[in-house]
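Have a look at the structure below, then the notes.
The values are calculated or read from the model by the stated rules, or taken from the named source; none is laboratory data. Because the structure is a prediction, the values reported are computed rather than measured. Note that we place each Cβ from the backbone using ideal geometry, even for glycine, and neighbour counts take in every protein chain shown. Note: areas computed on protein heavy atoms with side chains; ligands, DNA, RNA excluded. Shrake-Rupley method; radii C 1.70, N 1.55, O 1.52, S 1.80 Å.
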Amino acid sequence: MRIIFIGPPGAGKGTQCKRLAAYLNIVHLSTGDLLRATKSASALGRLVASYIDSGRLAPDYLVMRIVIRQLEQTAARSGCLFDGFPRTLNQAQLLDEYLAANQQKLDLVIDLHVRQDELVARLLKRAQVEHRPDDTRETIASRLRIFHSQTAPLLDYYQDRGMVRRIDGMQSPDEVFSQIQACVDAQKQQ
Ligand code: AP5
Ligand code: MG
């Protein structure tokens, strides 16, 4: 299966993808994690850090290069969870082109909903433990703005294909996972 997770910062994309990847035994492809791993003292690493540490989207060409490299690996050919990708209409179209050229298809889009005050609370709490440079009040606000202006419109793009399943992400991680599992199991039966 190929499943896209769309949700604002702090919605639980990473938390849920980790569990679902184990359940389905497929690859978890997080562009945020991959970009963070690219941060280094090199020129490219500094460029990537300048985007992600300030909460701005990395350029599409860079993200696509990283994603396609992952998709070319054997393990991802049988299925993949896209965590935080695509994030722009251009990325969504490029992904469609790649999948079509490789006789692959998307199965589901999980639309993870969490109230804004809860998102901010989760990220500020995580900041105390993980110290992600983009988990500051100011950068969180900017990440949320970018999500609403650039990424949320993708839901319409996928809605037209009947692929979107809205999930209430305000519940406990176990309860959220049960909702996702039910959608995935129903999709598998089709
Ligand atoms: P990315 O790493 O994807 O960050 P994000 O989208 O801002 O989301 P987070 O990882 O902060 O949250 P999450 O939804 O994964 O929630 P999590 O499970 O961690 O991207 C970072 C940056 O990289 C971007 O800003 C951009 O610069 C760049 N980037 C990435 N992809 C890109 C792309 N495609 N194009 C261009 N640029 C890109 O949970 C959050 C916290 O809440 C955790 O502490 C968790 O334990 C807790 N939690 C989770 N679920 C629950 C629950 N149900 N109840 C209570 N707490 C919970
Ligand atoms: Mg994440």
Counting only residues 5 or more apart in sequence or on a different chain, those whose built amide H sits under 5 Å from that of H28 are L81
Which of D83, D60, D117 fluctuates most in a GNM of the chain (C-alpha springs under 10 Å)? That residue is D117
So the carbon and sulfur contribution to the accessible area of the range 2-189, 1.4 Å probe, in percent, is 51 percent
Ordering 45-55, 2-12 by per-residue average of other C-beta atoms within 10 angstrom, highest first, gives 2-12, 45-55
With +1 on the Cβ of every Lys and Arg and -1 on the Cβ of every Asp and Glu, the dipole magnitude of the chain about its Cα centre, in debye rounded to the nearest 20, is 360 debye
Low-density loop trypsin sites (Lys or Arg not before Pro), the range 110-170, at most 11 other Cβ within 10 Å, DSSP non-H/G/I/E/B, are R115, R161
Residue ranges of DSSP H helices in the chain that stretch 15 Å or more (Cα, own long axis) and have mean Kyte-Doolittle hydropathy of at least 0.0 are 60-71, 89-101
CD proxy, 222 nm, the chain: helix-only mean residue ellipticity via -39,500 (n - 2.57) per DSSP H run with n ≥ 4, per residue, nearest 500, stands at -17000 deg cm²/dmol
So for the chain, using the alpha carbon gyration tensor with a ≥ b ≥ c as root eigenvalues (a/c under 1.5 gives rounded; past that, a/b versus b/c decides prolate or oblate), I'd call it oblate
Restricted to pairs 8 or more residues apart or on different chains, the lysines in the chain with C-alpha atoms under 29 Å apart form a number of pairs equal to 10
Of the convex hull drawn through the C-alpha atoms of the range 48-87, the volume per residue in Å³ is 74 Å³
